[in-house]
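For reference, the structure is listed below as structure tokens.
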Amino acid sequence: MFSRRAFTLVENGYSPIPIKPGTKIPVPGWTTPASSQVIERWSRDYPEYGIGILCGTIVAVDIDVQSAGHATRLNAMTIAMLGPTPLVRIGQRPKSIMLYRMSESIQSSSIKLPVGGIDVLAKGRQFVAFGKHPVTGQPYEWVGDGDPFDTTTDRLPCVTPVQIVELKDQWLRLFPAASNPTRAPGESSTSRDREGVERCCRTGLVLDGRDGHLRDCVWKAWRTLLGADAQEIADVAWRDFAATTNLVRPKRDGSEPWQHGDALQKAKLLIRREQAGAVRRIQRARGKAAPGGQEDLAPEAREGFAAHILRLHEAGRLSRNEWRVSDYMLSRLQGGHCVDSVDYIARGLQLSRATVHRARRKLLVLRLWMTARQRGTRDATAPYFPDQEKLRELLSPQPI
């Protein structure tokens, strides 16, 4: 097989490697992308070997879970966070691999669960794409909209390191619940707020009142995304919902899982109500500058600042909550500044007021964010904005 099809994969943007028949074992020298000369030599030496694909630019989410119910929900969670992909490979059901394209290189990682494990196969890893599974003895299947022979890499959804971090964080938050689809160990201690939403005291995930919580997520996205259509609102709302909710428990403890379509349905209803004049958004004046002369940030400035904050988090200089607070305030910029109160941010991120207050103070101390709050006044709705010197430093050309 390898000699007949390897160069087709090369033309489609993949890095093929020979796999010993009936195994998952690659040949020596597979860890870096092979040149045309090396692939030609492999084709002569291993003509009937199976074919693996080297990860790097391509990242594979390997859901290695034996329980069909948990596999279905983890697949749904991955799609909710990263988007649907045309390439899904099955070896031994219900296990699966989903392929995506990275905006930049990341390291591989693994998460162990009571029901199995999940791997993010990236730089330095590979997976078997074509051949026979060593346990079932059957050929690997591609059950999406195609396979790597007819799907070029540029057709794969492009995901960012931030999305991968958020996805892994959601997996970790669901770890206690993975062995029980109804109520997880450690979730016996719960609290219920004034709106009737019940949360696990230990994980903070919403357990009961999830329909109302999803409605709130849609409402928040609708208020934030001025001019967005129902699909865009649903995408943002679903990511918020998936990050703060126990998705392992199905709807009303039944058999149907929560899905992106639930958010889309609520977003469409809200848009219809807006068009009918039943609800309206409170819009700030366009082009209004923040105190200190701030203007709306260009997309490249937002992306550069967000990437810088993520790097500080990954390097251990910012905690997860400090990174989340900064990312949240960046998403809420209007007129170049964020005026959300501590209470509003705490509700949006499901954090305590004290945690948000400490996070904003740390961001100020590191001069990543600035505030126009007057000395001696309350911090209720003081405008916060990214430090201009830091923005200029990030956007200035770097010496070669």
> Looking at the stretch 217-240, which of its residues are modelled with pLDDT under 80 and either assigned by TED's automatic domain parsing to the domain that holds LEU330 or among the acidic types (Asp, Glu) (or both)?
Replying inline: ASP240
>> Which count do you get for residues in the stretch 1-30 that are assigned to a loop (DSSP other than H, G, I, E, B) and surrounded by 14 or more Cβ atoms within 10 Å (Cβ to Cβ)?
In response: 12
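This table checks each residue for (1) in a loop (DSSP other than H, G, I, E, B); (2) within 16 Å of TYR14 (Cβ to Cβ); (3) out of contact with any Gly (no Cβ under 6 Å at 6 or more places or on another chain); (4) not assigned by TED's automatic domain parsing to the domain that holds PRO157.
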position	(1), (2), (3), (4)
ALA60	no, yes, yes, no
HIS70	no, no, yes, no
ASN75	no, no, yes, no
PRO86	yes, yes, no, no
PRO94	yes, no, yes, no
LYS112	no, no, yes, no
ASP119	no, no, yes, no
GLY137	yes, no, yes, no
> Before we move on, is ASP340 closer than 20 Å to ASP216 by Cβ and modelled with pLDDT of 80 or more?
Replying inline: yes
> What tally of residues in the stretch 303-327 results from selecting those that are in contact with a helix residue (DSSP H, G or I) (Cβ under 8 Å, 6 or more places away or on another chain) and not in a helix (DSSP H, G or I)?
Replying inline: 2
>> Residues that are touching a Pro at 6+ places or on another chain (Cβ under 9 Å), more than 25 Å from THR31 (Cα to Cα) and modelled with pLDDT under 85: does the stretch 82-101 have at least one?
In response: no
>> Contact list please: Cβ distance under 9 Å, first residue in the stretch 359-378 and at positive phi, second residue modelled with pLDDT of 55 or more, pairs at least six apart or on different chains.
In response: ARG367/ASP387; ARG367/GLU389; ARG367/LYS390
> Within the stretch 84-116, which residues are among the charged types (D, E, K, R) and crowded, with 20+ Cβ neighbours inside 10 Å?
Replying inline: ARG89
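The values are calculated or read from the model by the stated rules, or taken from the named source; none is laboratory data. As the structure is a prediction and not an experimental result, all values here were calculated from the model. Here the Cβ is made from the backbone with ideal geometry for all residues, glycine too, and neighbour counts use every protein chain on show.
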